[in-house]
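This report refers to the structure that appears directly beneath it.
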Amino acid sequence: MENPAIHAEALSKRYTPEAAPAVDGLSFRMPRGATWGLLGGNGAGKTTTIAMLLGLLVPSGGRITVLGHDMARDRFAALARMNFSSPYIALPARLSVAENLRVYAHLYDVPQAGRRIAELAAQLQLTELLDRPAGQLSAGQKTRVALAKALVNRPELLLLDEPTASLDPDTGDWVRSWLERYRAETGCSILLASHNMAEVERLCGHVLMLKQGRLVDAGSPAALLGKYGRGDLEQVFLDIARGRAAEAVP
Amino acid sequence: MNRAALRRIWGMIYRHLALYRRSWPRVLELMYWPVLQMVVWGFTTTYLIGLQGNSAALAAGTLLGGVLLWEVALRSQMGFSISFLEEIWSRNLGHVFVSPLRPRELVAALMGMSIIRVLVGVLPAVLLAWLLYAFGLFAMGPVVVAFFAALLLMGWAVALGVTSLILRHGAGAEALAWSILFGLTPFSAVFYPVAVLPGWLQPVALALPSAHVFEGMRAALLDGTIAWGHLGAAFALDAAWLALMAWVFMAQFERARIRGALLSIGE
């Protein structure tokens, strides 16, 4: 695979020398233009993996290359070409939506920032909300604003941590449809961590299954369903979480 | 520093200015303490002059000068540290640190905010001292700008230390942002000469840029001379403390990236 979006080699992280590894020997190559899912229960290592891919956390071992940049030596060049969204990291609540987006347009050195913000606001149905303080928005509106922030620099790689957490089914479906369309139009690579198996099945062409920091299985949703003999990814997830190997599944 | 770096620095300054634009109580709070200090010390010195006449007038001038200049150091340090805390309180650090903003650019933006907060906070108190007590801080001459600058730099050095402690210990170290510089007041010789301190304490005072600034201020107010030695020492010490604290900050930032503290800071 030539110049993948993400190349993780034997990635590991121990928060303290005594603690069990949060991530243990994780390796994968995610091609450009793909949407991949990072699945696993609580404490499986998804957030730690994403934090290392973003340079927020230094790995204890291994190597990460993002968009051709070695994250240990050249992370800022990669960060300018990627972006991230998580419902667990807020935007300043007292700033308006437009002000928040302007801040990030400056941080990512976006040319013609005003035009880009107007374009995103139109695409994500935020135009009416631009002057509202970010803290006064509903969960669905906040998710759309967070997406606008994550797209402000036209990222080549988008990391999403539970992009539809706490959204009602209708809004969640809207976000998923929007992401599908966006990826098809721009060729952006997307890595998303989620607990929503239906979402992963719908959006992702390839899934990385993590358990206790280790990659325990990987493949397309269809391949995993076939391998485990299950009808949906949730059952596969439960099989893996409860330690049932593919061969042992009736 | 290239155009993109300057734009990132401006982005962080803009983020704080937008916050102040939407919150007049925050702007008022910037001026509140310096003005209150000025009023209390102004009336105190007026009372002393009334009791002792002209002999107290010169001392009163050094007291008011001390109050105003010490506010520069206090507001400089708080302006830097509290702007950093604003990012923690708004749970925004995760977004900031995964953007292309370099740590040194964040520091430059915090210094920019510190200058703005000092000007907004201290200039009304300087004006009030002139209007109410006929004390003109700028009567010392252009050297007062050098005093301002030396204390501003000292405030940044202390703030880098405070920010490093917040990176190391999280929200538990927040209180230091308000209190740490008050602890240096006795050694800074704000209201009295260094010679008043016990001999063993004088080297401690002379290791602080502020003690040299206030010695210089007294020379300017009482003798009308510029104490170049003290001024030079103040800037040299500022450079040394800033270099040391910048190193401590960068070391703590990298340790925070290793420990995962940037994921949970403020929680």
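Here, each number is a calculation from the coordinates, and none is a lab measurement. What you are looking at is a predicted structure, and each value in this text was computed from that prediction instead of being measured. When we count neighbours, we look across all protein chains shown, and the Cβ atoms used for this are built from the backbone with ideal geometry, even at glycine.
Using only C-alpha atoms and all pairs of different ones, pull out the Kirkwood radius for segment B:1-147 in Å with one decimal.
Its Kirkwood hydrodynamic radius stands at 17.1 Å.
What does a probe at residue A:9 reach in segment A:23-52, counting residues whose amide N is under 19 Å from the point 7 Å along Cα→Cβ?
Answer for segment A:23-52: A:24-32, A:52.
Rounded to the nearest 10 degrees, what's the angle between the helix A:139-151 long axis and the longest principal axis of chain A, both from Cα atoms, 0 to 90?
90 degrees
Using the Cα centre of chain B as the reference point, and only Cβ charges (+1 on K/R, -1 on D/E), how large is the resulting charge dipole? Debye, rounded to the nearest 20.
The calculation lands at about 940 debye.
Using the beta-carbon distance between residue A:2 and residue B:250 and R0 = 30 Å, what value does 1/(1 + (r/R0)^6) give for FRET efficiency, to the nearest 0.05?
Plugging the Cβ-Cβ distance into 1/(1 + (r/R0)^6) gives 0.25.
Once Lys and Arg get +1 and Asp and Glu get -1 on their Cβ, which of B:121, B:61, B:46 lies farthest toward the positive end of the dipole of segment B:3-264?
B:121
Please name whichever of A:137, B:250, B:182 sits farthest to the positive end of the charge dipole of the protein assembly as shown, dipole taken about the Cα centre and charges placed at Cβ: Lys and Arg +1, Asp and Glu -1.
Going by the Cα projections, it comes out as B:250.
Mean residue ellipticity at 222 nm from the helices of chain A, using -39,500 (n - 2.57) per DSSP H segment of n ≥ 4 over the full residue count, to the nearest 500 deg cm²/dmol?
Using -39500 (n - 2.57) per qualifying helix, the result is -10500 deg cm²/dmol.
Mind pulling up the Rg/Rh value for segment B:114-267? Radius of gyration and Kirkwood radius, both on Cα.
Reported Rg/Rh, Kirkwood definition of Rh: 1.04.
For peptide B:250-259, compute the average count of partner chain beta-carbon atoms within 10 Å of each residue's beta-carbon.
2
List the relative contact order of segment A:12-55 as a percent without decimals, with contacts defined as Cα pairs under 8 Å and 6+ residues apart.
31 percent
Regarding segment A:181-249, what's the average projected area of the Cα-atom convex hull, expressed in nm²?
Seen from a random direction, the Cα hull of segment A:181-249 projects 4.8 nm² on average.
Roughly speaking, what is the centre-to-centre gap between segment B:81-150 and segment B:208-267 when only Cα atoms are used, to the nearest Å?
One Cα centre to the other: 14 Å.
What percentage of all Cα-Cα pairs in chain B are separated by more than 29 Å?
Counting every Cα pair in chain B, those more than 29 Å apart make up 34 percent.
Over what distance in Å are the Cα centres of segment A:112-161 and segment B:1-55 separated?
Their Cα centres are 34 Å away from one another.
Averaged over its residues, how many other protein chain Cβ atoms are within 10 Å of peptide B:16-28's Cβ atoms?
2
Within 10 Å of each Cβ in peptide A:107-115, how many partner chain Cβ atoms are there on average? Round it to a whole number, please.
Mean number of neighbouring Cβ atoms from other chains: 4.
Order the peptides A:207-215, B:194-202, B:229-237 from the highest to the lowest mean number of other Cβ atoms within 10 Å of their residues.
Peptide ranking by packing, descending: A:207-215, B:229-237, B:194-202.
Report, to one decimal in Å, the Kirkwood hydrodynamic radius for segment A:136-218 based on all distinct Cα pairs.
After inverting the mean inverse Cα-Cα distance, the result is 13.7 Å.
Which order do the peptides A:171-182, A:30-41 come out in when sorted by mean C-beta neighbours inside 10 angstrom, highest first?
A:30-41, A:171-182
Quick one: P(r) of chain A from all Cα-Cα pairs, 5 Å bins, percents rounded to integers, in order of increasing distance.
Distribution as computed: 1, 6, 13, 17, 19, 16, 13, 9, 4, 2, 0, 0 percent.
Which helices of chain B meet both criteria: a Cα extent of 30 Å or more along the helical axis and a mean Kyte-Doolittle score no lower than 1.6, with helices taken as whole DSSP H segments?
Result, helices passing both filters: B:103-133, B:143-169.
What is the spin-label model distance, in nm, from residue B:57 to residue B:235 if the labels are put 7 Å beyond Cα along the C-beta direction?
Placing both labels 7 Å along Cα→Cβ, they lie 3.4 nm apart.
Determine by what factor the alpha-carbon radius of gyration of the protein assembly as shown differs from 2.2 N^0.38 Å, reporting the quotient.
With N residues counted in the protein assembly as shown, Rg over 2.2 N^0.38 Å equals 1.18.
Roughly what would the spin-label model give for residue B:1 and residue B:17, points 7 Å off Cα along C-beta, in nm?
1.4 nm
Using Cα-Cα distances under 8 Å and only pairs 6 or more residues apart, what relative contact order does chain B have, in percent?
24 percent
Can you tell me the relative contact order of chain A? Whole percent, Cα pairs under 8 Å, sequence separation 6 or more.
Over chain A, the number comes to 25 percent.
Angle, helix A:113-123 long axis vs. longest principal axis of chain A, Cα atoms, 0 to 90°, nearest 10?
It is inclined by approximately 60 degrees.
Enumerate the lysines that residue A:227 could reach by cross-link, defined here as Cα to Cα under 29 Å, with residues fewer than 8 away along the same chain left out.
A:46, A:211
How tilted is helix A:97-107 with respect to the longest principal axis of chain A? Cα atoms for both, answer in degrees (0 to 90, nearest 10).
It is inclined by approximately 70 degrees.
Quick one, can you get me the convex hull of the C-alpha atoms of segment A:90-154 expressed as volume per residue in Å³?
Value for segment A:90-154: 69 Å³ per residue.
At 0.36 nm per residue, and after removing the present C-alpha to C-alpha distance, how many nm does the segment from residue A:132 to residue A:119 gain when stretched out fully?
2.9 nm
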